[in-house]
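Only one structure is covered here, and it is reproduced in the block below.
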Amino acid sequence: MVGVHARRETDGGAEAVAELVTEWVSIPMPGDVESLNVSAAAAVLSFELVRRGAS
């Protein structure tokens, strides 16, 4: 089972949620791109989970 908690970099997220996380992931960014907005990052992650057949 996969659960996703997406957050903005500046928020830091809730400590209660962070305590439940078993694996942190990041999206490799080419060139001078520093980050994606949270909705774009969630879309990329969702696509990759479907591509890999995660359940």
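Observations on the structure shown:
- All positions within the stretch 22-43 that are exposed (fewer than 11 other Cβ atoms within 10 Å of the Cβ) and within 22 Å of MET1 (Cα to Cα): THR22, GLU23, TRP24, VAL25, SER26, SER39
- The stretch 22-33 residues that are under 12 Å from LEU45 (Cα atoms), paired with ones that are part of a loop (DSSP other than H, G, I, E, B) and not acidic (Asp, Glu) (beta carbon under 9 Å, 6 or more apart): ILE27/SER35; ILE27/LEU36
None of the figures in this text is laboratory data; all of them are computed from the coordinates on show. Worth saying up front: this structure is predicted, and the values here are computed from it rather than measured. Cβ sites come from the backbone with ideal geometry, for glycine too, and all protein chains shown count toward neighbours.
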